[in-house]
Each structure stands twice: as C-alpha cells, then as structure tokens.
Amino acid sequence: MKKIPVINQIIKDKRKEMKITQQDFTKLINKAISTIRRYDTGDIIPENTLILICDKLGLYIQDLLQEQKRENIKYNQDFYSDIIDKKLGKEQLNSTNEISENMVVYIQTYLKKIYSILYDDFYFEDLPKAKDFKILFWDNKIIVKKIYMGDDNIEKEKLIDILKINEAENLITDTIENFNNNLFLIRNKKNKKIEMHNVFHELVHLLNIK
C-alpha cells in the first residue's frame, strides 16, 4: 500500500473537516480534480501550491514541515525533504541571506504602497476590496496577501501573489521610473507654457502693444 506523506494527510483531513469536497477544492487552488485526487493519495505537492493550500485552509507551512520531518525521521522516509532542508527553521521575515535587512524593508514598504494604490483599481473584480496588504518573505520569495473584511465582519487574508525577489525589485523600479519620467514630462510641458507666456509679455512690452 502506498504510504501517504503526513503533509498530504493533514491537508486532506483539514479539507474534510471544513466540508470542502474535492470538486470544491479544484476551484480554490485552480487544479484539476485528477490532481487533487493524486494529492489525496500521496503525490508530492509543489512548493507554491503548498503555500496556496495552507493559505486557503488556514494551515501554517512550518507546522506541516515540522510534522513531516518528525515522520521522516521516525519511519526513515524522505517526503518533502528538499523543501524541509531548504526552509525549515528559517524565520518568515528573515529567511534569506541574499538580501540585506534594509532591502527587505525597502521591498516591503514600496510593494505595500504599490498594491494599496493600484491593486483594487486594476483588479476590481477581486471582491471584497482590500483593507490592507501583507508582504512576507519566504525563502527568497515574496508572499503578497490581501487583508479584507469577510461577510461575517471578521478580518481575513487571501494569497494573491508569489514573487521572486528580482521580480519585486523590477516591479518597484519600473513603477518609480515610470512615475518620475511622466512627472518630468508634465512639469516640462508646464515650464514651457510659462516660458512662452513670459516671452509673449516681454514682446508686448518692447513693442508697446496694447
């Protein structure tokens, strides 16, 4: 009989506890029902999908990995060993040694501003509207969550993006450059109008035109 990783079993049990059918789950994580069935019977869940599932079911990925690590040691298994080796024991905010603390703050600050200003305008169908955004770091990836008020008037979170650090940096840089370039053009046009206005009045004065 095929051994099911404890991570898969916890997810399956949590899904059933929440009365989410396999068919319903396909819509939640945008996967085919055949894929859901494979996860239920023990196929390894890819990292990004695992993050998404944890978000949808209210599970903590570190807790799942810790539990899987204990099971692996106990039964001499290697399920999810790559993700466990890469991630376990790292703090969510400081899980990367490749960027400085200042860069972490820079990315969090600017991404939060960009999403807060632009997200609801461009993704207006993603209701309800965001109350705030949470920017988290996880092993050189950036997790963007939307915070909103549910129908039950309880604050909830929804995973909306997983970005690589260089993608986030490029997004911030492009946004800032686009703003500055357009602002420069607008100011330049205004300055030219002011200059032309001044030149006209100087000519009127010199020619004594009334």
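The values are calculated or read from the model by the stated rules, or taken from the named source; none is laboratory data. The structure presented is a predicted model; accordingly, all values stated were derived computationally and were not measured. Ideal geometry is used to build each Cβ from the backbone, glycine not excepted, and the neighbour counts take in all protein chains shown. Please note that ligands, DNA and RNA were not included when accessible areas were found on the heavy atoms of the full protein model with its side chains. Shrake-Rupley method; radii C 1.70, N 1.55, O 1.52, S 1.80 Å.
How many of the residues in the range 84-108 are among the hydrophobic types (A, V, I, L, M, F, W, C), within 18 Å of LEU136 (Cα to Cα) and at pLDDT 75 or above?
From the range 84-108, those among the hydrophobic types (A, V, I, L, M, F, W, C) are 84, 88, 93, 99, 103-105, 107; that's our starting set.
Those left that are additionally within 18 Å of LEU136 (Cα to Cα): 88, 93, 99, 103-105, 107.
Filter once more, keeping what is at pLDDT 75 or above: 103-105, 107.
So the count comes out to 4.
Can you run down the residue pairs with Cβ atoms below 8 Å, 6 or more apart or on separate chains, where the first is in the range 25-46 and within 23 Å of ASP126 (Cβ to Cβ) and the partner is charged (D, E, K, R) and part of a helix (DSSP H, G or I)?
PHE25/ARG15; LEU28/LYS56; ILE29/LYS56
Can you name the condition, by its number, that LYS56 falls short on among (1) within 21 Å of ILE142 (Cβ to Cβ); (2) among the charged types (D, E, K, R); (3) without any contact (Cβ under 8 Å) to a residue 40 or more places away in the chain?
With respect to (1) within 21 Å of ILE142 (Cβ to Cβ); (2) among the charged types (D, E, K, R); (3) without any contact (Cβ under 8 Å) to a residue 40 or more places away in the chain, LYS56 is out only on (3).
Yes or no: ILE142 modelled with pLDDT of 80 or more, in contact with an Asp or Glu (Cβ under 9 Å, 6 or more places away or on another chain) and not basic (Lys, Arg)? Write out each step before concluding.
Details: modelled with pLDDT of 80 or more: yes; in contact with an Asp or Glu (Cβ under 9 Å, 6 or more places away or on another chain): yes; not basic (Lys, Arg): yes.
Yes: the conditions hold for ILE142.
Which of (1) modelled with pLDDT of 85 or more; (2) closer than 30 Å to ILE4 by Cα does LYS112 not meet, given it meets every other one?
With (1) modelled with pLDDT of 85 or more; (2) closer than 30 Å to ILE4 by Cα applied to LYS112, the lone miss is (2).
In the range 19-28, what count of residues is obtained for those that are closer than 25 Å to LYS141 by Cα and loosely packed, with under 12 Cβ neighbours inside 10 Å? Even if it seems obvious, please write down each step before you answer.
Narrowing the range 19-28 to residues closer than 25 Å to LYS141 by Cα: 25-28.
Filter once more, keeping what is loosely packed, with under 12 Cβ neighbours inside 10 Å: 27.
Within the range 19-28, residues that are closer than 25 Å to LYS141 by Cα and loosely packed, with under 12 Cβ neighbours inside 10 Å number 1.
Would you confirm whether any residue within the range 73-93 is open to solvent by less than 20 Å² (accessible area, probe 1.4 Å), in contact (Cβ under 8 Å) with a residue 60 or more places away in the chain and either within 30 Å of LYS3 (Cα to Cα) or in a loop (DSSP other than H, G, I, E, B) (or both)?
Yes.
What is the residue count in the range 29-65 for residues that are part of a helix (DSSP H, G or I) and open to solvent by less than 80 Å² (accessible area, probe 1.4 Å)? Spell out the reasoning first.
Of the range 29-65, the ones part of a helix (DSSP H, G or I) are 29, 33-40, 47-57, 61-65.
Cutting the leftovers down to open to solvent by less than 80 Å² (accessible area, probe 1.4 Å) gives us 29, 33-36, 39-40, 47-57, 61-62, 64-65.
Selection size over the range 29-65: 22.
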